[in-house]
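Worksheet: one structure, shown below.
The values are calculated or read from the model by the stated rules, or taken from the named source; none is laboratory data. It should be emphasised that the depicted structure is a prediction, and the values quoted were computed from it without experimental measurement. We place every Cβ from the backbone using ideal geometry, glycine too, and count neighbours over all the protein chains shown.
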Amino acid sequence: MRTFMRVASVLGLLLASSAFAVARPAWACGCGAVIADSSVRISEETSIVRYDAAARTEEIVMRLSAESSATDAAWLFPTPSEASVRLGERGWFEQLDALTEPRVVTRKVWFPDLGGGEGAAGGATAPGRDGSVGVLGERDLGPFRVATLEARDPGALADWLTANGYRLRPDLEQALGPYVEQGWKYVAVKLRPSSGAALNGDLAPLRVSFSSDELVYPMRLSRLAKETQRLHLYVLGEHRVEQSTGARMRLAFAGQVAPEQVRSPELRELLGDGLFMTELIDGGIDPEEIVDDYRFTAAGNEPYRQVVHREEVVRFLGMPAGWLIVFAAGALAAALGVVLLVRLRA
């Protein structure tokens, strides 16, 4: 998929380079608003979302895959409260894919489908002088430099980001306004130049944890996107979930997952004991239809697994058995016709 996908309407991938005096074109992803040149492509974006209703805590593990040689990438991630950030493991998503893969139903057929196809898939520093922006924490995580921020004015937040190497265009500043009004915090992440890392391939997943009174996946900034959005979520909780806001995503899996089925000890811990997982996919979100963040509510525990129907052709001597039977029957009929014709003439 050669398009900008989105991790939550929250994270803004920004190419910030002081070598350029003119702001580069800005794009948006489900994780926020992207500022980058045309050489950057976010080819895949997937998130694991875990919500603990009793503790009112949420964790989002975000993975981005990119195609670029840029080394000055950064992104901005709004959260309802101050967040803690750590690294995740690259292999978690492949392990979840294996757990939720569709059930394949194979049907034996004597003749191949001539129409093509194999089947259908059912410690903080003080705020600035105006008191509008505060740096709640700052640290290095692998190739990333991570800062957690608070802001009481979108313009001051934009000024801080610009002063620290993040380039924002005016409409993104305006889009941040509702988050500032609601008192949200922000996670600002960028590649450290000294790390030698580039915005290419699978980036190390980031685990962002925060307190929240509801299960929410920030999507509002994705309205700035220039292209169709693609979002893939694994939602973990006590129950299956359904959307209460946002464009309706397709249900791909719902069911309890056994931690012992995965290899990673940390992923087993994240999956918990008997949590319910709901896998949701949307490969065609129109940015103009995004007017708010995505919110989810409990929806019982009815399991669901996608079923893929495939046809398997019965073969004999490497050829479809059905056609062999037809040819054999035709040859036999022709032979019988010759015999009858000879006898009639005799």
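The figures follow:
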| quantity | calculated |
| --- | --- |
| Looking only at region 287-323, and only at residues there that are exposed (fewer than 13 other Cβ atoms within 10 Å of the Cβ) and charged (D, E, K, R), the one that is modelled with the highest pLDDT | Glu302 |
| Region 245-268, residues that are closer than 29 Å to Arg220 by Cα, outside any loop (DSSP other than H, G, I, E, B) and not hydrophobic (A, V, I, L, M, F, W, C) | Arg250, Gly255 |
| Strands (runs of 3 or more DSSP E) (entirely within region 98-172) containing at least 3 residues that are aliphatic (A, V, I, L, M) and at pLDDT 75 or above | 133-141, 144-151 |
| Residues (under 19 Å from Ala175 (Cβ atoms) and of a type in the set (Val, Ile, Thr)) located in region 201-231 | Val216, Thr228 |
